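The values are calculated or read from the model by the stated rules, or taken from the named source; none is laboratory data. As the structure is a prediction and not an experimental result, all values here were calculated from the model. Here the Cβ positions follow ideal geometry from the backbone for every residue, glycine too, while neighbour counts run over all protein chains shown.
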Amino acid sequence: MNKKVLIVSFSFEQEEEAFQVLRDGGYEPVLLAEKDRAGFSEDDLAAYWKGLPEKPAGIIMGADIALGEKFASQADGLKAISLNCAGYDHLDLAAFQKRNIIICNVPRQNFEAVADFAWGMIICVMRRIAEGDRAIRSGKWCKGVERGIAVSGKTIGIIGFGAIGQAVAKRAMGFDMRILVSSTSRKPELALKYNAIYVDRETLFKEADIIIPTCPHVPETHHIINKNSIALMKKSAVVVNPSRGGIIDTEALYNALKEGRIAGAALDVYEKEPLYESKLFELENVVLTPHMGGLADREIHNVAMQSAYNMISLLEGKPTGSEIIGGSM
């Protein structure tokens, strides 16, 4: 078996210690650096792979390139993919599974960082911090940002109540918030722990001042925030999305923000990434960040280390520290 591992992850490439884990395990990292693959598509990665004289046995990658049948069918020699992230909705698992390419992710490593970031987004959009920054830099002082929205004491609606959702709720308790939760599973012990109230999704949309999805993007959650659900929201509501872009119908959200049907939004994820052009750029009442919620120093390091160890385990047929989400050992 080839001992090369292709690295296609900007956060991983920052962590020399994770590279050393691979080297100590007898593997040779091959870096496709961020600067050399800006705007890479599945076709581009397939062409790059085809041009490699020796095909790596493994790939360590993030979530910025969607891969499916086109790449999988041309990935000669590929045995395993170790995701340097928790999400995997950018991969067509079936395309890799039928070729016996094993995939695993790194779950529950960066949920605290994502929750911290989500709260930064909430405060930023409600208190108009980004707008204030732009105003003072343009010499306007506080013109146009004289009135923000109070944060404490509000009602927050959390869609999905896994690790990130619970971490968001924990922080909401410190803001004396009423916490509404819509989840496919209802656990009374969690409701008690976080002083949360389980409600149906319609009630959440109607009553929450802050709507924040923290669920995975699966067929059942695709575009759950759409024209109809937005119509239920308060005019003063804000939508904050630190999870996955496909959960929100971007066109419906854009129209609602432009027409003032809701107060604002803060987005860290998008239906198409990376986002270089968007009508959202025209709007002042939306805060946009480049899928950086989990990219805190501690979490970047921990995730990179785990994905390196996972890569070695996958290629050697040993148990990993993470769940196998595609293929089998």
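Within region 11-31, is there a residue that is loosely packed, with under 14 Cβ neighbours inside 10 Å and modelled with pLDDT under 95?
Checking region 11-31: not a single residue is loosely packed, with under 14 Cβ neighbours inside 10 Å and modelled with pLDDT under 95.
Consider residue 89 against the criteria (1) surrounded by 15 or more Cβ atoms within 10 Å (Cβ to Cβ); (2) at pLDDT 95 or above: it satisfies all of them except one. Which criterion is unmet?
(2)
Regarding residue 252, is this residue crowded, with 18+ Cβ neighbours inside 10 Å and farther than 17 Å from residue 181 by Cα?
Yes.
Restricting to region 152-165, what's the tally of residues that are in contact with a helix residue (DSSP H, G or I) (Cβ under 7 Å, 6 or more places away or on another chain) and either surrounded by fewer than 20 Cβ atoms within 10 Å (Cβ to Cβ) or at pLDDT below 95 (or both)?
So the answer is 2.
I'd like to check something: does region 33-44 contain any residue that is over 26 Å from the mean Cα position of the chain (by Cα), in a loop (DSSP other than H, G, I, E, B) and surrounded by 15 or more Cβ atoms within 10 Å (Cβ to Cβ)?
No; the residues of region 33-44 include none that is over 26 Å from the mean Cα position of the chain (by Cα), in a loop (DSSP other than H, G, I, E, B) and surrounded by 15 or more Cβ atoms within 10 Å (Cβ to Cβ).
Please go through region 282-317 and give me each residue that is in a helix (DSSP H, G or I) and within 21 Å of residue 122 (Cβ to Cβ), ordered by number.
Within region 282-317, just 299 meets the criteria.
Pairs needed: first member in region 171-198, assigned to a helix (DSSP H, G or I); second member anywhere, surrounded by fewer than 16 Cβ atoms within 10 Å (Cβ to Cβ) and not hydrophobic (A, V, I, L, M, F, W, C); C-beta distance under 7 Å; at least 6 residues apart or different chains.
173/195
Give the residue that is nearest to residue 123 (Cα to Cα), with candidates limited to residues of region 272-281 that are surrounded by 14 or more Cβ atoms within 10 Å (Cβ to Cβ) and either modelled with pLDDT of 95 or more or small (Gly, Ala, Ser) (or both).
Of everything passing the filter in region 272-281, 280 is nearest to residue 123 (Cα to Cα).
Could you list all residues from region 99-134 that are β-branched (Val, Ile, Thr) and in contact with a Leu (Cβ under 9 Å, 6 or more places away or on another chain)?
Once the filter is applied, which keeps residues that are β-branched (Val, Ile, Thr) and in contact with a Leu (Cβ under 9 Å, 6 or more places away or on another chain), region 99-134 yields 101, 102, 103, 106.
Which one is nearest to residue 303 (Cα to Cα) among residues in region 63-93 that are out of contact with any strand residue (DSSP E or B) (no Cβ under 6 Å at 6 or more places or on another chain) and outside any loop (DSSP other than H, G, I, E, B)?
83
Could you go through region 78-86 and let me know if any residue there is in contact (Cβ under 8 Å) with a residue 12 or more places away in the chain and surrounded by fewer than 20 Cβ atoms within 10 Å (Cβ to Cβ).
No, region 78-86 contains no residue that is in contact (Cβ under 8 Å) with a residue 12 or more places away in the chain and surrounded by fewer than 20 Cβ atoms within 10 Å (Cβ to Cβ).
With respect to the numbered conditions (1) of a type outside the set (S, T, N, Q); (2) without any contact (Cβ under 8 Å) to a residue 60 or more places away in the chain; (3) in the same structural domain as residue 130 (by TED's automatic domain parsing), which one is the sole condition not fulfilled by residue 284?
In the conditions (1) of a type outside the set (S, T, N, Q); (2) without any contact (Cβ under 8 Å) to a residue 60 or more places away in the chain; (3) in the same structural domain as residue 130 (by TED's automatic domain parsing), residue 284 misses (2) alone.
Restricting to region 200-209, what's the tally of residues that are without any contact (Cβ under 8 Å) to a residue 40 or more places away in the chain and either under 14 Å from residue 233 (Cβ atoms) or touching a Lys or Arg at 6+ places or on another chain (Cβ under 9 Å) (or both)?
Going through region 200-209 one residue at a time, the tally reaches 3.
What number goes with the only condition from (1) buried (at least 16 other Cβ atoms within 10 Å of the Cβ); (2) more than 29 Å from residue 198 (Cβ to Cβ); (3) at pLDDT below 95 that residue 141 does not pass?
Going through the list (1) buried (at least 16 other Cβ atoms within 10 Å of the Cβ); (2) more than 29 Å from residue 198 (Cβ to Cβ); (3) at pLDDT below 95, residue 141 breaks only (1).
If residue 96 meets every condition in (1) assigned to a helix (DSSP H, G or I); (2) under 30 Å from residue 5 (Cα atoms); (3) within 16 Å of the chain's Cα centre (by Cα) apart from one, which number is that one?
Among (1) assigned to a helix (DSSP H, G or I); (2) under 30 Å from residue 5 (Cα atoms); (3) within 16 Å of the chain's Cα centre (by Cα), the lone unmet condition for residue 96 is (3).
Can you say whether residue 235 is closer than 19 Å to residue 125 by Cα, part of a loop (DSSP other than H, G, I, E, B) and of a type in the set (D, E, K, R), as far as the supplied structure shows?
For residue 235, the condition - closer than 19 Å to residue 125 by Cα, part of a loop (DSSP other than H, G, I, E, B) and of a type in the set (D, E, K, R) - is met.
Restricting the search to region 83-139, which residues are of a type in the set (Ser, Thr, Tyr) and closer than 20 Å to residue 164 by Cβ?
88
Working carefully through the options 55, 50, find the one that is at pLDDT 95 or above, under 21 Å from residue 1 (Cβ atoms) and part of a helix (DSSP H, G or I).
50
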